[in-house]
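The values are calculated or read from the model by the stated rules, or taken from the named source; none is laboratory data. Keep in mind the model is a prediction, meaning the values are calculated, not measured. Don't worry about glycine lacking a Cβ; one is built from the backbone with ideal geometry, like all the others, and counts go over all protein chains shown. Quick note on the areas: whole protein, heavy atoms, side chains included, nothing else; ligands and nucleic acids left out. Shrake-Rupley method; radii C 1.70, N 1.55, O 1.52, S 1.80 Å.
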Amino acid sequence: MMPNDPTSQAPDHRSARASDSHAAPPHASVQTTGSTDALPVAPALGASLDAASMPRESTLVTRRVVLISALAIVLGAVAAGVAQILLLLINLFTDIFFYGRVSDVIGPLAPKHTGVLSPAHNHLGLWVIVIPAIGGLIAGVMARWGSRAIQGHGIPEAMERILEHESNIPARVTWLKPLSSAFAIGTGGPFGAEGPIISTGGALGSLIGQFLSITAQERKVLLAAGAAAGMAAVFGAPVASVVMAVELLLFELRSSSLIPVALACVTATGVRYATFGSGAVFAMPLVAEPGGWALASYIVLGAAVGYASVWVTKAVYGVEDLFEKIPVHWMWWPAIGGLAAGLVGYFAPHTLGVGYDNIDGLVQGSFGIKMLLSLCILKFISWVIALGSGTSGGTLAPLFMIGGALGALIGVGFGHVWPALGIDLRIAALVGMAAMFAGSSRALLTSIVFAFETTRQPAGLLPLLGGCTAAYLISALTMRNTIMTEKIARRGIKVPSEYSADFLEQVQVGKVCTRDVRALKTSDELGEVRRWMSSGRVRAQHQGYPVLDDAGRVRGVITRRDLLDPDKPGLTRIGDMLKRGPIVLFEDHTLRDATDLMVGENVGRLVVVSRDDPTRMVGILTRSDVMAANSRRIHEMRDTTRGIRIRQSFARRFGSRARTAEGSKAS
């Protein structure tokens with residue numbers, strides 16, 4: 001008997017996943033965990049469906065998202081508490097090292113702090129040079145005998161753990177990172193507190209995920225939720241924190257990820273509101289909506305700051321490379337960086353510490369040219385050396401100060417040369433702050449939303465959008481990696497930079513599968529099939545064939561290797577050689593479903609059946625079919641076409657009229 005063409009048969013199948021080990025009765029439904037589309041198994045399918053493997057159809061989210069969301073809510077509250085403890089430690093160390101007391105932080109006379117205590121008003125004289133070095137030395141010792149993972153500003157390290165280590169962060173980082181950062185910042189290190197808090201929140205999320213039996217994807221969500229909650233707890237910016245998690249940690253925008261992260265941020269922000277109130281972190285007076293010329297100026301300003309952000313990023317890693325060449329152990333580098341910060345701080349005390357009060361002054365327009373130059377130049381020098389030395393601290397606040405000062409200076413220049421532009425220095429500073437972060441991190445939406453949420457200034461939204469986009473464009477054109485990714489890129493880790501819809505999700509199996517398929521029958525003898533395969537016919541050269549029983553039902557797929565196995569005698573029936581049940585899917589499944597099933601089942605071809613008639617096999621999907629489907633995506637990305645040709649359109653329209661007129665005259 002010759003192998004049959006399945007188009008003349010009436011095979012079977014369904015799609016949702018059936019267990020090989022549990023036979024279902026003829027009318028049982030397939031396994032549909034999380035399914036919205038469970039269909040009863042047709043009685044005609046019989047035992048072939050009982051052994052079939054098929055992709056599950058899932059809803060947008062599953063019940064596990066409820067569990068992860070509940071954990072994220074708890075995590076948000078815990079991360080908010082940890083953030084407040086870290087801020088308290090920073091304030092406490094600042095009070096001790098710079099003012100020799102604790103009464104500004106704890107005690108009955110301590111004022112209620114909503115931010116970080118500034119060391120700028122100290123009276124230590126030359127001793128101020130040594131204080132940051134002490135903090136750097138403590139941080140270096142903790143990194144040497146604790147974990148070197150606590151060095152840096154936190155987000156690159158979290159990225160690396162997500163991309164390379166299934167979001168597993170060592171438990172000791174949970175307490176080493178905040179403690180070392182508290183010493184480094186509390187002794188005048190020119191860093192932001194947000195980086196360590198984000199890192200600590202992420203470590204908490206990862207730690208919870210390691211105690212529970214969850215997937216690496218769910219652990220990544222908890223890590224991102226903890227990190228975002230830490231940021232929301234510091235700045236009261238829940239939306240920006242969610243966007244930050246998407247742009248810098250999750251590398252995706254899916255409901256199963258977004259919901260837990262959003263709930264964690266809401267919870268953390270609620271804790272902040274209950275503790276410190278709901279006011280803007282950087283209070284900015286109301287400003288007028290910018291005119292057209294002013295808006296254009298802010299866009300140019302954003303582009304200029306974006307270009308500066310490229311050099312700021314290069315400077316950070318250039319200094320880091322220089323420290324690598326210093327012939328002393330890396331444990332001492334933070335102390336050297338601290339000496340540089342202390343030296344700058346002696347001449348410009350406002351460069352010491354976090355400097356959130358400097359950001360307040362920038363958006364309120366209360367700084368003169370001298371102060372702006374000091375923040376732009378001296379803060380940059382202090383921060384870039386200290387950060388390059390490997391001290392533990394954040395980048396957002398320094399970047400905001402440097403960018404805000406630069407933006408205000410550019411605004412002053414515009415206003416001096418063209419007063420009619422109507423430049424508001426407060427908006428110029430706001431755009432400069434956000435544009436610096438957008439250019440250096442390429443977290444565009446985070447920069448815009450964060451600047452708005454922390455100032456609550458709606459008139460700044462349009463300038464922020466234009467300025468940050470211009471900075472993002474300049475950065476993307478001139479810089480390969482960002483301040484967040486350069487460190488791990490040097491270690492050979494590829495960080496996703498663009499998030500697009502999965503092309504495989506957009507293509508249905510029925511549109512690309514091979515429909516003209518040769519099938520074998522269970523009753524065929526192996527010797528006869530081998531003679532047919534040696535005939536040289538095109539259809540006899542395939543690497544696999546579907547196998548049907550005498551009733552036309554799919555029983556499985558057999559490979560060419562099995563058919564040519566010399567240990568099998570020629571009288572063997574094909575049906576006796578099948579090693580597993582059929583692996584099938586519907587025409588309306590996507591190529592993403594198909595590739596996931598191929599990987600999960602370790603096969604290279606799937607049987608495709610019709611949803612309208614599950615007893616009918618419509619074709620075979622192979623790996624080659626999936627690869628060929630990508631040609632459309634490549635065409636859309638690379639091939640340029642013109643849909644409308646003006647000259648031809650005019651020629652068709654007016655040429656036809658001319659011909660009609662000539663015909664009328666002739667008649």
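At a glance:
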quantity: Residue in segment 364-386 that is over 34 Å from the mean Cα position of the chain (by Cα), in contact (Cβ under 8 Å) with a residue 60 or more places away in the chain and surrounded by fewer than 20 Cβ atoms within 10 Å (Cβ to Cβ) present; calculated: yes
quantity: Considering residues of segment 554-601 that are open to solvent by less than 40 Å² (accessible area, probe 1.4 Å) and β-branched (V, I, T) only, the residue nearest to V529 (Cα to Cα); calculated: I574
quantity: Subset of segment 625-654 [at pLDDT 75 or above and open to solvent by less than 80 Å² (accessible area, probe 1.4 Å)]; calculated: D625, V626, A628, A629, N630, S631, I634
quantity: Residue list for segment 495-509, restricted to those being open to solvent by 90 Å² or more (accessible area, probe 1.4 Å), touching a residue at least 24 places away in the same chain (Cβ under 8 Å) and under 15 Å from the mean Cα position of the chain (by Cα); calculated: Y499
quantity: Close pairs (7 angstrom Cβ cut-off, 6 or more residues apart or separate chains): part of a helix (DSSP H, G or I) in segment 510-533, charged (D, E, K, R) anywhere; calculated: G510/E587; G510/D588; V512/D625; L526/K568
quantity: Qualifying positions in segment 334-345 - open to solvent by 20 Å² or more (accessible area, probe 1.4 Å) and over 7 Å from A133 (Cα atoms); calculated: A340, L343, V344
quantity: Residue that is crowded, with 20+ Cβ neighbours inside 10 Å, of a type outside the set (A, V, I, L, M) and over 27 Å from the mean Cα position of the chain (by Cα), where the choices are Y298, Y273; calculated: Y298
quantity: Close pairs from segment 440-456: first closer than 18 Å to G394 by Cα, partner part of a loop (DSSP other than H, G, I, E, B) and open to solvent by less than 30 Å² (accessible area, probe 1.4 Å), Cβ under 6 Å, at least 6 apart; calculated: S440/I483; S441/T482; S441/I483; S441/M484; R442/T482; F450/A237; T454/A237; T454/F282
quantity: Qualifying residue in segment 308-331 (condition: crowded, with 18+ Cβ neighbours inside 10 Å, in a loop (DSSP other than H, G, I, E, B) and not β-branched (V, I, T)); calculated: no
quantity: Criterion (surrounded by fewer than 24 Cβ atoms within 10 Å (Cβ to Cβ) and within 26 Å of F276 (Cβ to Cβ)) met by exactly one of L263, L258; calculated: L263
quantity: Residues (open to solvent by 20 Å² or more (accessible area, probe 1.4 Å) and either within 14 Å of the chain's Cα centre (by Cα) or not aliphatic (A, V, I, L, M) (or both)) located in segment 222-241; calculated: P238
quantity: Leading residue by the ranking (farthest from T514 (Cα to Cα)) among those in segment 533-547 that are open to solvent by less than 20 Å² (accessible area, probe 1.4 Å) and at pLDDT 80 or above; calculated: V547
quantity: The one condition in (1) outside any helix (DSSP H, G or I); (2) touching a residue at least 12 places away in the same chain (Cβ under 8 Å); (3) over 29 Å from the mean Cα position of the chain (by Cα) that N168 fails to fulfil; calculated: (3)
quantity: Residue match in segment 337-356 (condition: on the phi > 0 side of the Ramachandran plot and in contact with a helix residue (DSSP H, G or I) (Cβ under 7 Å, 6 or more places away or on another chain)); calculated: yes
quantity: Options L396, L322, L362, L372; residue that is under 29 Å from Y472 (Cα atoms) and touching an Asp or Glu at 6+ places or on another chain (Cβ under 9 Å); calculated: L396
quantity: Filtered residues of segment 177-221 (kept if open to solvent by less than 10 Å² (accessible area, probe 1.4 Å) and more than 29 Å from I259 (Cβ to Cβ)); calculated: S180, S181, A182, A184, I185, G186, T187, G188, G189, P190, F191
quantity: Residue among R491, R530 that alone is closer than 30 Å to L396 by Cβ, touching a helix residue (DSSP H, G or I) at 6+ places or on another chain (Cβ under 8 Å), open to solvent by 40 Å² or more (accessible area, probe 1.4 Å) and not hydroxyl-bearing (S, T, Y); calculated: R491
quantity: Filtered residues of segment 276-295 (kept if open to solvent by 60 Å² or more (accessible area, probe 1.4 Å), modelled with pLDDT under 90 and not in a loop (DSSP other than H, G, I, E, B)); calculated: none
quantity: Residue within segment 465-474 that is buried (at least 20 other Cβ atoms within 10 Å of the Cβ), more than 12 Å from S497 (Cβ to Cβ) and of a type outside the set (A, V, I, L, M, F, W, C) present; calculated: yes
quantity: Cβ pairs under 7 Å, 6+ apart, first in segment 121-133 and open to solvent by less than 60 Å² (accessible area, probe 1.4 Å), second assigned to a loop (DSSP other than H, G, I, E, B) and β-branched (V, I, T); calculated: I131/T187; P132/T187
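Let's see how each residue does on (1) basic (K, R); (2) farther than 27 Å from A429 by Cβ:
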| residue | (1), (2) |
| --- | --- |
| S309 | no, no |
| K325 | yes, yes |
| I336 | no, yes |
| V344 | no, no |
| P349 | no, no |
| G361 | no, no |
